[in-house]
Structures are given as C-alpha cells and as structure tokens.
There are 4 protein chains.
Amino acid sequence: MKIKSFRSVASQYKAIFFDSYGVLKNYNGLIEGVENTIQELRNQGIIIHVLTNDASRGPQELAEKFHKLGLIEIEADDIISSGMMAREYLRLKVKEGTVAYLGTENSAHYIETANLHTIPLSDLDFDKVHEISALVLLDDEGFDWNTDFNKAINLLRIRNIPVVIANTDHTYPVSGNQVALAIGGIGNLLESVVKKRFIRFGKPDSQMFIFAYEHLLQKSNLHKSEILMVGDSLRTDIMGGNKFGFDTALVLTGKTLPKEAKMLIKTTGVIPDYVCESVAMG
Amino acid sequence: MKIKSFRSVASQYKAIFFDSYGVLKNYNGLIEGVENTIQELRNQGIIIHVLTNDASRGPQELAEKFHKLGLIEIEADDIISSGMMAREYLRLKVKEGTVAYLGTENSAHYIETANLHTIPLSDLDFDKVHEISALVLLDDEGFDWNTDFNKAINLLRIRNIPVVIANTDHTYPVSGNQVALAIGGIGNLLESVVKKRFIRFGKPDSQMFIFAYEHLLQKSNLHKSEILMVGDSLRTDIMGGNKFGFDTALVLTGKTLPKEAKMLIKTTGVIPDYVCESVAMG
Amino acid sequence: MKIKSFRSVASQYKAIFFDSYGVLKNYNGLIEGVENTIQELRNQGIIIHVLTNDASRGPQELAEKFHKLGLIEIEADDIISSGMMAREYLRLKVKEGTVAYLGTENSAHYIETANLHTIPLSDLDFDKVHEISALVLLDDEGFDWNTDFNKAINLLRIRNIPVVIANTDHTYPVSGNQVALAIGGIGNLLESVVKKRFIRFGKPDSQMFIFAYEHLLQKSNLHKSEILMVGDSLRTDIMGGNKFGFDTALVLTGKTLPKEAKMLIKTTGVIPDYVCESVAMG
Amino acid sequence: MKIKSFRSVASQYKAIFFDSYGVLKNYNGLIEGVENTIQELRNQGIIIHVLTNDASRGPQELAEKFHKLGLIEIEADDIISSGMMAREYLRLKVKEGTVAYLGTENSAHYIETANLHTIPLSDLDFDKVHEISALVLLDDEGFDWNTDFNKAINLLRIRNIPVVIANTDHTYPVSGNQVALAIGGIGNLLESVVKKRFIRFGKPDSQMFIFAYEHLLQKSNLHKSEILMVGDSLRTDIMGGNKFGFDTALVLTGKTLPKEAKMLIKTTGVIPDYVCESVAMG
C-alpha cells in the first residue's frame, strides 16, 4: 500500500465525489486543509459533489452546516444524501397514507417533501395503525430506543408495509476514539427480529451513485472513468464506488485508522485505487 | 401434525423439564390448568424441573414469583436458569476484577454469587475501564438502551474481555399480541457491531441441558430417553432438547401460535416428538 | 392478495421488463401463452426488455435460445443480462492482466468482450497466480465443484483481487419439483470461507435496473412510473423493481408457487403491486 | 500476548485435552516433539484425551492412524470425535428407517454402530425417499459435490427430517499454505439454501466437551479447573474450551499462524489462557 498525495491523485479527474463525515469534517469541525482543497479544485474546474449517508436533515441544512464550519463553497445542490433516495422511493411507490418514521423532526423533511403525511413513531396510536403505509428509519436521534424499537416490532407484526432504511451506516464517530450506533445498525436488528426484507438506501448501494452521476450529467458529459470517489469507509464509499465503476481514493482521517488500513484492505478484499492521508493538498 | 393430549404424553416419562414463560405462565398469570398438572405429575412420582432462559433474577426469586401466582409446588431447587450457566462460567474463568453488566440490580445476583465485584454499565467511569474483566448481558431492563448500548460498544473497543449473553431469547411476549426485544437480541446487535464472538448461555445450548440433567442425576439415575422437554419455542426448547437427546413436546400456549405450528415445523425442520395444545391435563 | 389478469395490468404501462426463467420459459420450454403475449404487447407499442440474472452466455445466444423455443420476437438488443454488468465493471476497473473464471466457455464471453485475457480456474497453474487480476463467477457448470472451489479459496488466500459474482440467484429449477444450486449460492459460500467482500451483479441490485432503464431511454423518454417489472421471484425481481421505483407484478409460473405466494409476501414483506397467474393474456 | 513454554503450562494440570489436526499432527505427519510430549505427560500421570471434529472414521481407525505415524501411546479409548456425538443423537432420536449420508464409507461407521441402516446419498433412489429418516454430513470426501449437493437440496424439499452436521470445521489445511473446504462448510451452504436448522456436533459445541469430561470422570474425579484444552483454532478449541470452563492453550502449529495470533485474539475476542509455540516440550 503506497500513500499518495491527494494533489497528485485529484488532478487526474474532472469530477470528484466526496463523502462528508471523516473526509471533509468530523466531530471537531472541518478536516485540516479542506477549505483550501475545495477552493483549488473549483479553480481547476473540477466538479465537486458530496455523497453522504446522512438522512438526518435536508440538503439545504446540510449545506448550512458546512457554511457554519467555514466551508462556504458547498451548496445544497452539490449534496446528494441517502435521504433523497428514500424520498424518490416514497414518491414513486408509496402514493398515499401516512408514513411513520424513526428520527428527528428535521429528518422528516425527506418524507414531507414527497408530499406524504408523516408521524413520528412515538406519536402513533395503535388504533390508527391501519393508516400507516410505510415505515422509514432516518436518524438514531429523536426517539426513545427502548419504547420505539418495540413499537416498530409490533407495527410490523400487524401491518405488512415497506420499511426503508435511509442510512446504511452501522456506527459513526462521536469523538476521537468513541463511536455511536447509527440508524442503519438499529435497522439491521429490527430486520432480523421481524424477519422481513427492508429497503436500504445509501452507499455502497448503486442507487446513490447513479443519482449523483445523473445529477452530474446535467452539467457536464463526463465518462465514469473521469470521476473519483473519495471516502473514509471501505465498506460504503470504496466498495460502492468501485462497483459503480468510479476510481476510488481512501483517506485516513475517519473510520479507517492509518495503522489498520493495510490490514483491512487485505482482509476485506475491498481495494481502493489510491490511499491518501487526507484530502489536504499541503 | 397430530395434536396429542398432554396427559397421554406425560405418563410415558419419569422426569419432565418445563420451559417457564409460554408453558407454565404468561403475561396474564398461570396458564390454565398448570397447578393441577404439576400436582398430578408430582403425585405420579414424576420429577419436575423448570429450564428457563430468564437471567433477570435468581432461582429463589423466580420460585417466589410462581408462588405468588399460586403455583406453590415449584421450589428454587427445581429451577435451572441460564443465569446459573453464566455464573458457573464467571466462577471458573473470570477469577478477578469487576464485572460490568446490562440488566436490573436483581439480575446482578448471578455475578455477585460468583464472588465478583459488579458494576452496572451505566455507572462505569471510563477512567476505570481497565478494572473491568468481563461484560455480562442479563436483562433488557434496568438501563437506558441508547446511552448504555453505545457505552458497551466503546468499552469493547478499548478492552478485549469476554462478553457473556445470559439469555439467548430474541423477543418475549408482553401481551396477547405484542412482543418486546429481549437482551439476547440486543446482544446480537452488539456482537455484530463490535465484530467479536460472545459467549451465549441458555437453550438451545447444550450446557443448560447438561446442567439440568446432572442436577437430576443427583436425585435419580434416569436415562435420557426417560426425560421429556416441554416448551413453546421451536428454536430454543425443542431444538435444544432434541439435540441433547431428550424427547420433546411443543405446546401452543406461547411463542408458537396454533395456526402457525404446522407450517413452522415444516419450514424450520425442527421437529418435536409431540405437539400438545397446552400442559393442561383436562 | 387479489389475482389480476395480466392483460388488465399490462395495458397500463408503456414498457414492460420481464424476467426470463419462470416468467417467459422454464425447463419445459416456453410458458403457455407467452408468444401471444409478446406479440400483443408489441402490437400495442409497448416496449419490451428481458432482464435476466443469467450470465451463462451472451445476449446473442440468449436470444437464439428464445428463437429455438419459438419466441422469435426477442432480439439480442432486448436482453439485459447480469453478465453485462460484470463486463462493464471489468472494463472500467480491471484494465489489465488475466481474469480467472468459474463457468462454461460460453460464459467467458463477458470477460472476452471486455478485452481481457481469460482463463478457466481449472487451467490455472499456481506458478502463474500473480498474473491473475480478478476472479469472476459466471455459471454453475463447466467446472468440477470440489477441485475448483478449493482452488478458488487458495487463489484468494494468495492474491487480494476483486471477485465478481455475475449471477446472484441461489438456486434454479431443473424440473417440476427439483432445483439446483446456482453460481450465486456457490459464491456466497466462497465469500463466507475467505471472509472477503465480493461484488455482486444481478437483480435485486439497482445497477441492473439502471442499465435497462438507460437502454430504454435511448428509444423513448419514459418515466419510471410508466414501466412494469414482471418476475417470479420476490427476492430478486420484485424487491429490485420496487426499490428502483418501478411498479411490479409477481407471476406464479416459476419460483413462487401459487399456494405459497400469499404467505411469502406476508413473511418477507416484499410486496408486489400485482399478482398474476402468468403472463398469458388468455 | 506472551508466549509460554508448553512444559510450564502443562505441568499445572491433571488432565489435558488435545485437538488432533494442527496440534498433534498435520499434512506432513506428527508435529515435531509430540511423541516425547505425550510420553512425558503419561509419565507424570497426566490424563490425555484427543478431542477431534473428525467424523471421517471411527476412533479405532483414528488411533491406528496415530500409530502408523509413530504415536503409539494414543488408544481408541482416548479419542472423542464429533462423530460419536452424532451417533448418540441417532441412537436416542432416530430410532428407525434408513439414514442417508454424505461422506466416505469409513465415515458411515458412526451410523452403522447406532444400529441404523445407511445409504450413501449418491445411491439414493428418489422413489425410496420416504424411507429416509435423517441425513448426516460426515466427510467432504466420498461423493460428487455437484450431483450430491443438489440431491441433498431436493431430498430436504420433499422430506422434513433431521439433518446432522458431524463436523463443524469450515476448512482444513492440505499443505503448508493451502486449505480445503470441510463438510461443515458444505453443511452451512446447504442449510442456507434449504432454510432449515441443522444439528451441529463438534467443538465449540459444549456437547463434545461434556462427553469428554464425563468420559474422564469414569477414571478420575477431576474438577474442571484441573483440565487444560489445547488447540490450534480460536473458533472451535479455545472458544468451546473457555465456554465449558476449562483453561485453554492456543498452539501456533496449525490454523492460527504465529504472525496472526495476536491480531486474531484481539479482533475475535476469543482469549486463550495461554499461547504456546507448539506442544513440544523442548
């Protein structure tokens, strides 16, 4: 495993898709050097998108969070979130009824903008369970795990409805050495208990990459080989990017620790085209 | 699938091992006819044991719960709980240090009687994490799922210690048609997140059956073929009983609903020797 | 679950995507009424595609097989096979070296047309293992399971290379009541033994649906809601179609037996928009 | 992880249970120093048992294989094989009919000595499928994988009978750096395809340890804490030994390579009490 400078890697591509958490920012704020990198890439005319498995809020709010951290170059239109896949599914396939959700009020954005009624699962009255047409798992916050997890089990024992997991991450970092369970992990447990097949959106699933690629094609007619996916997670960013046909670069500022990278690439068989210390261009 | 009367089945055996929840009692109290059945079996000289995946309290308290419900014939000494397996493991293999646990104070009984210091995971100060020599999952109550689940993940990222799941059930019924997640389900999620191998005690694991069988041999020299295991769960009671070499009877007063029994036996391939409506002897 | 006539369902759509095996044909030849259905749909101007998880031969040969059975309306250009996804991946991501494969010589078509050298795994000399740049699983025939499965394990212990499963089916029917293991099932075992992450192509994966959809858009600018996916498998055709946003119809002439359909829809939570006895238009 | 000399470890115990393959012997013959170790332990009055997941032949033949290699001290009575667990199950629970098996003729020993009729699955005529009362997976040799695996799938689609896996190993070493799939791996695939629950015997399952412990108690009244389990596999020998309450020693002459041992103990959370280079006493 040879570490390459991000500058030398990036210059070979006409568009770069970045994961957000662990790549552009973390629990401390922006990753060192990110503002400069984004500025330089823009100057070189390289198109930038952010592909995030974060369904906890809409793209506008996700962009505003970047702005508050000082990264003013990222606009809502540059952001593709897994919540947007969930919204497209709801629009196309769940045309009526009320959609119950696990997550914060912010995360319900994706259901509301699909023009569906929403109800947090915690507010659901079991007498009205027959009005529910889908259950969407959006965020690990905003509900009581014990109470609402059991409510979800029992909802799905009564109603045979689609269940959407809008974030496939299992955990996320909350400090330098601590992680927390993400809604994807909670969804896996719920699926194994009710023994049904849920619908997952978010990297490594191809639908997220398709969506981003089509979004890009509206601006510029690039071939897949001209696009680089940059991420900190072998399982989501690199696996998904490789499978979709993009070149991939693993950075070591997030989930994959520098000391583990070589071993993990070997044991998982998920092989990035490049490994870079970070997206900083030094 | 032919339904047999429990009376005709029971009379062929010299000892009968009963699962507790769904067989002798449920959320409403005792299953109809249970007092009479136990009385009659005792009168016929049939030895009775209760084998339960309940590690939420010690055998003395489990017996007292039966007494309060009106089943005065069950003594602490008749009860084998999965918590007792966990205790034996701790005694033999975790000789020192403090054992952290998820569960109620009552459930900590099994660690305390192994002469080990205990601490509820919620009280654990991360500065003292190096004193922890094992983590035991005892009960789904007594802790905040969100906070303490994440604490468990992070404890296991720092400390390479044995993790014991003292109840392998995934869910348990809380009313006529609702279920709740059991600590075994929480344990499965934790194991998949930290990617380590936990130690599980409780049916269908053989260790529970050998413990009960050896306990029985102290009173009476019976052959395995003279013993019947009665349970409401194909996955735990019947699977485990079959594998250990006992004859098995499925009752339809708990997890396995009458309308599903035939289909479940076929799809799982877990085949009880008998199916009875309940343990009532009518 | 209400059974609808395929005629009434089909007339609502402008394009219909059919699974092949179990929908258009089976081990006996064409499903009754298929020629007429395809003819009628063409007459109504409905665009037809075949989406198959069959990577055992190229689209031209797949079309010829239909012709021999008497279905002359299906052309190579109408067929999207999972092998085509594997080929695109190989083209974009495996630019050099020799690709080893499990499958018949016919199935190697997909690697050869990616302009890569191929070698059946059985011919691989372990002295030349370092020339191998990928392993592709194409078909369950054409190799000795025992010898070549073990060869695959050992190749992957030495070489950290991408492994592609070009058919995600677990089994396929070989007569009225017998099934055989498909290459997807063999791939799952290989993956669990070597503990690496393989790349899977084929329904329910979205990449197959996007490929077909883009192919369609070259002819006609249809919205996803104007397209129907018809299949016999809940896990692949219906799950994948639903997730991608197509309407879906389950037919009962293949994997899903008429007597099981209702129960399987309930237990899996995979819910087709329609259930039809077959594609026959009566 | 501190490496200890086996001499210093062994002297603390009154009985030692050895795994066979990777501990006492390998593809080359006896592990260096084994004869001397067994001799010395016998001289010290330490009781020796061999616990092996090898169901490919009976204990008498397993002992004779040791004798041919020059280890004349191991008698049939010292050997506990997973096949013996399968035999006990068949005796107690499958009282009549014909038992079909996958494996060599030698491996059928365990079914024959349970006084049951046997038939290799390859010889089974599907007209006589209703005479089959169980299927036992004994060895990865003696049958054609392709033909007979598919025959097993279809047998289990027609007949709801117990399936026993008499060897839980996934792979076994066949040379210095090559492995082969073991019958346990084939069994896992079969189970996932037919979606039924099989009965597994062999380490790490407790039943094997119970059987060995009870066998030992007939000779000497030892406490669990006086017994050491020595193995080369964390997943089977060490996991199972720990759980049963024995002390455990990992040796590095088999599955667990010296360079991986530390990392594997950390990532699996399966922690041996000791790590020794080999059983040689130098």
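Is the range B:215-230 home to any residue that is modelled with pLDDT under 95 and of a type in the set (D, E, K, R)? Yes - at least one qualifying residue is present in the range B:215-230. Just one of the numbered conditions (1) closer than 27 Å to B:A76 by Cα; (2) without any contact (Cβ under 8 Å) to a residue 40 or more places away in the chain; (3) hydroxyl-bearing (S, T, Y) is not true of B:T268: (1).
Scanning the range C:57-70 for residues that are part of a strand (DSSP E or B), aliphatic (A, V, I, L, M) and either within 25 Å of C:L252 (Cα to Cα) or not assigned by TED's automatic domain parsing to the domain that holds C:K128 (or both) turns up nothing.
Residue-wise test of (1) touching a strand residue (DSSP E or B) at 6+ places or on another chain (Cβ under 8 Å); (2) free of Cβ contacts under 8 Å to residues at least 60 places away in the same chain.
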position: C:V9; (1), (2): yes, no
position: C:I38; (1), (2): yes, yes
position: C:H49; (1), (2): yes, no
position: C:D77; (1), (2): no, yes
position: C:R91; (1), (2): no, yes
position: C:V94; (1), (2): yes, no
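From the list C:K243, C:K219, exactly one residue is basic (K, R) and away from chain A (no Cβ under 14 Å). Which is it? Spell out the reasoning first.
Numbers: C:K243 fails: away from chain A (no Cβ under 14 Å).
When all the criteria are applied, what remains is C:K219.
Against the conditions (1) closer than 30 Å to A:D148 by Cα; (2) touching a residue at least 60 places away in the same chain (Cβ under 8 Å); (3) charged (D, E, K, R), A:E226 satisfies every one except (1).
Taking the criterion of being in a loop (DSSP other than H, G, I, E, B) and over 20 Å from D:T52 (Cα atoms), would at least one residue in the range D:230-239 satisfy it?
If we filter the range D:230-239 for residues that are in a loop (DSSP other than H, G, I, E, B), which is where we start, we get D:232-233.
Right, trim to over 20 Å from D:T52 (Cα atoms) and you get none.
No: zero hits.
Condition check for B:D127 on (1) modelled with pLDDT under 95; (2) assigned to a helix (DSSP H, G or I); (3) within 14 Å of another protein chain (Cβ to nearest Cβ); (4) within 21 Å of the chain's Cα centre (by Cα): one failure, at (4).
Based on what the data block shows, is C:I183 farther than 15 Å from A:I199 by Cβ, within 14 Å of chain A (Cβ to nearest Cβ), in contact (Cβ under 8 Å) with a residue 60 or more places away in the chain and buried (at least 22 other Cβ atoms within 10 Å of the Cβ)?
Working: farther than 15 Å from A:I199 by Cβ: yes; within 14 Å of chain A (Cβ to nearest Cβ): no; in contact (Cβ under 8 Å) with a residue 60 or more places away in the chain: yes; buried (at least 22 other Cβ atoms within 10 Å of the Cβ): yes.
Here the answer is no, as C:I183 does not meet what is asked.
If you go through the range C:191-228 and keep only what is closer than 30 Å to D:P173 by Cβ and either in contact with a Phe, Trp or Tyr (Cβ under 7 Å, 6 or more places away or on another chain) or buried (at least 23 other Cβ atoms within 10 Å of the Cβ) (or both), you end up with C:E191, C:I199, C:R200.
Here's a check for you: in the range A:1-56, which residue that is acidic (D, E) and under 24 Å from A:E260 (Cα atoms) is surrounded by the fewest Cβ atoms within 10 Å (Cβ to Cβ)?
Checking each candidate, the answer is A:E32.
Counting the residues of the range A:246-263 that are surrounded by 22 or more Cβ atoms within 10 Å (Cβ to Cβ), of a type in the set (A, V, I, L, M) and within 13 Å of chain C (Cβ to nearest Cβ) gives 0.
Do you know which of the residues in the range A:158-180 that are assigned to a loop (DSSP other than H, G, I, E, B) and more than 14 Å from chain B (Cβ to nearest Cβ) is nearest to A:T256 (Cα to Cα)? Working first, answer last.
Kept after step one, since they are assigned to a loop (DSSP other than H, G, I, E, B), are these residues of the range A:158-180: A:159-162, A:166-170, A:174-178.
From the residues that got through so far, the ones that are more than 14 Å from chain B (Cβ to nearest Cβ) too are A:160-162, A:166-167.
On the way: A:N160: 38, A:I161: 36, A:P162: 33, A:A166: 23, A:N167: 19 Å.
Residue satisfying both the conditions and the ranking: A:N167.
Taking the range A:80-98 as the range and being crowded, with 21+ Cβ neighbours inside 10 Å and either of a type in the set (K, R) or in contact with an Asp or Glu (Cβ under 9 Å, 6 or more places away or on another chain) (or both) as the test, the residues that pass are A:S81, A:S82, A:G83, A:M85, A:R87, A:K93.
Within the group B:L155, B:L189, B:L135, which residue is touching a Lys or Arg at 6+ places or on another chain (Cβ under 9 Å), closer than 21 Å to A:V179 by Cβ and not in a loop (DSSP other than H, G, I, E, B)?
Residue meeting the stated conditions: B:L135.
D:V270 falls short on exactly one of the conditions (1) away from every other protein chain (no Cβ under 11 Å); (2) part of a loop (DSSP other than H, G, I, E, B), and that condition is (1). Determine, yes or no, whether D:K196 is among the charged types (D, E, K, R) and free of Cβ contacts under 8 Å to residues at least 40 places away in the same chain. Considered against the rule, which asks whether it is among the charged types (D, E, K, R) and free of Cβ contacts under 8 Å to residues at least 40 places away in the same chain, D:K196 comes out as no.
The values are calculated or read from the model by the stated rules, or taken from the named source; none is laboratory data. What you are looking at is a predicted structure, and each value in this text was computed from that prediction instead of being measured. Note that each Cβ is placed from the backbone with ideal geometry, even for glycine, and that neighbours are counted across all protein chains shown.
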